[in-house]
Amino acid sequence: MQILSVSSLKGGVGKTSVTMGLASAALHQGVRTLVVDLDPHADSTTGLAVTRGTGTEAGQLLRDAKRADLNDHVVRSGWVDLLPKEHRAQATLDVVVGSALSAAFDRPDIRPRDMRRLRLLLDRVTGYDLVLIDCPPSLAGLTRIGWAASSGVLLVAEPSLFSVAGTERTMRAIRMFSNEYAPQLKSAGVVVNRARADSTEHEYRLLEMERLYKDKLMLPVLEENPFWQQIQGAAYPVHQWPGDQVRDLAKSFDQLLTQLA
Ligand SMILES: Nc1ncnc2c1ncn2[C@@H]1O[C@H](COP(=O)(O)OP(=O)(O)OP(=O)(O)O)[C@@H](O)[C@H]1O
Ligand SMILES: [Mg+2]
C-alpha cells in the first residue's frame, strides 16, 4: 500500500484538485484507493460526493487512533455510483471524511506521539493499494500527522515566483522532518498546476523548476482548465466528465498516477 501526502505550504495552489484528479485516475484504472481528508475545510470530502453526515470524521478518528478500526469508519465516494453498473462492484474509492473537528490537531507545537496517530490508523487498514492524504496549506500539526504516515510527499506548485520559493521551503521541511521523525519519508515529486501555454512568465518559471527539481519535477504539467471549477462544483470525477474539454486533463492525471506506482 502506497501512502502519499499531497502538500504545499502555500494555499490554493491545487492540492485538493490534484488529490481529486489522481483519485479519479485511480478509480478509472482500478487502483483501490482511500482518500484521507485532513483539511478542516473538507474540500475533498465535498468533491468526492460523500453524503453528509456519513462516516466518522478524521478529527474523531485521530482522537481514537489507538482503538478505532479505520475500515469500519470510511465512506464510499459517490463517484463509484457514476461508473457503469458492471464496474461498480469491483471499484474501491473510499474517504476518511474531513471536518472542522480535525483543526484541534493543527497546532504548530504538536507532540511526536500525536503526530503518529494517522500512521497508527493506517497500519491496521486493509484493502487499498493507494492512500492519498489531502493536507491543509501549512506545516502545522495536521500536515505533520499526514507526513508521519506517508512514504512520500507530492508537492503541488504553480509556475509563479512565490510558489517556487514556497516549494523550496517545503522540500527543506520534508528533509528536516524525515531526519527527525520519519526516515521512510521522501518527496515523491513536484506537480506543477495551472500552467498556461501563452504565459512567458510561466514558461520562465517552468524552466527554473526543471533546473531546481530535475527528475523530481513530474510531467506532464497540469494546464489551467476553465472547466475544472465546474467539475469540482458538480462533485464529479474528471474521467467521467462528458465532452472533450477535460479529456487531456484526465489523461495527464493518468500519466501522473502511473509514475507514482
Ligand atoms: N488546473 C486548474 N485549472 C483551473 N482551475 C484550477 C486548477 N487547479 C485548481 N483550480 C481551482 O483553483 C482553486 C484552488 O484549488 P484547490 O482547492 O485544489 O487548491 P488547494 O491547494 O487545495 O487549496 P487550499 O490550500 O485552500 O486547500 C479551486 O477553485 C480549483 O477549482
Ligand atoms: Mg485544499
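The values are calculated or read from the model by the stated rules, or taken from the named source; none is laboratory data. The structure presented is a predicted model; accordingly, all values stated were derived computationally and were not measured. Positions of Cβ are generated from backbone atoms using ideal geometry, with glycine treated the same way; all protein chains shown enter the neighbour counts. Areas reflect the complete protein model, heavy atoms only, side chains present, ligands, DNA and RNA absent. Shrake-Rupley method; radii C 1.70, N 1.55, O 1.52, S 1.80 Å.
Ranked by the mean number of other Cβ atoms within 10 Å per residue, highest first, peptides 177-186, 35-44, 91-100, 76-85 order as 35-44, 91-100, 76-85, 177-186.
Each peptide among 151-158, 209-216 gets the average number of other Cβ atoms lying within 10 Å of its residues, and from highest to lowest they stand as 151-158, 209-216.
Heavy-atom accessible surface of the range 2-248, averaged per residue, reaches 46 Å², computed with a 1.4 Å probe. Taking only protein heavy atoms and a 1.4 Å probe, the accessible area of the chain is 51% carbon and sulfur.
Of all DSSP-defined beta bridges confined to the range 2-248, some 5% are antiparallel rather than parallel.
The convex hull built on the alpha-carbon positions of the chain has an orientation-averaged projected area of 12.9 nm². Rounded to the nearest 20, the size of the Cβ-charge dipole of the range 2-248 about its Cα centre is 880 debye, with Lys and Arg at +1 and Asp and Glu at -1.
Against the empirical 2.2 N^0.38 Å (N residues), the range 100-183 has a Cα radius of gyration ratio of 1.14. In this label model, residue 219 and residue 151 are separated by 2.5 nm, measuring between points 7 Å along each Cα→Cβ vector. If r is the Cβ-Cβ distance from residue 126 to residue 259 and R0 is 35 Å, what FRET efficiency results, to the nearest 0.05? So the FRET efficiency works out to roughly 0.85. Loop-resident trypsin sites (Lys or Arg not before Pro) (DSSP state other than H, G, I, E or B) in the range 23-75 with no more than 14 further Cβ atoms inside 10 Å of their Cβ: 52, 66, 67. With an a/c value of 1.5 or above and a/b not larger than b/c for the gyration tensor axes a ≥ b ≥ c computed over the alpha-carbon atoms, the range 1-90 is described as oblate.
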